[in-house]
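Derivation of every value follows stated rules applied to the coordinates shown; laboratory data play no part. Predicted, not measured: the structure shown is a model, and the values here were computed from it. Note that each Cβ is placed from the backbone with ideal geometry, even for glycine, and that neighbours are counted across all protein chains shown.
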Amino acid sequence: MADCAVECWLHGSRFDLRSGKPTGLPATEPVATFPVEVRADGLYVDTTTTLNGVTPA
C-alpha cells in the first residue's frame, strides 16, 4: 500500500485508495471510497458516505 493502491484478490485489478479509480486491468470502472478515521482503539470506516460519488453495488 505504499503507492496508495490495493489489489483485488479475486481478479487481480488494482485500485487507487484515494480516488477508487482502477490502475490495473481487468477493472475499468472505479470503486467507492469511504472516509476512514484512525482512533486509539481502532480504524473506523464510514460506509454510509462515499467520497467519490460511486454507489457500491
- [ ] With only Lys, Arg, Asp and Glu charged, each at its Cβ (+1 for the first two, -1 for the last two), find how big the charge dipole of the stretch 5-45 is about the Cα centre; round to the nearest 20 debye.
- [x] 100
Task: Relative contact order computed over the stretch 5-45 (Cα-Cα under 8 Å; 6+ residues apart), in percent - done: 24
TODO: Restrict the search to the chain; then list the trypsin sites (Lys or Arg not before Pro) that DSSP places in a loop and that have at most 11 other Cβ atoms within 10 Å of their Cβ.
DONE: ARG18
Open item on the list: As an exercise, find the ratio Rg/Rh for the stretch 5-45 from alpha-carbon atoms, using the Kirkwood inverse-distance average for Rh.
Closed with: 1.09
TODO: Would you please give the residues with an amide H less than 5 Å from that of ALA5, counting only those at least 5 places away or on a separate chain, with H modeled from the backbone geometry?
DONE: LEU17
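So for VAL45, VAL54, fewest C-beta neighbours within 10 Å to most, what's the order? Show your work: numbers first, answer last.
Details: VAL45 9, VAL54 15.
In increasing order of surrounding Cβ atoms, one gets VAL45, VAL54.
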Open item on the list: If I take R0 = 22 Å and measure r between the Cβ atoms of VAL6 and THR48 in this structure, what FRET efficiency does the formula 1/(1 + (r/R0)^6) give, to the nearest 0.05?
Closed with: 0.60
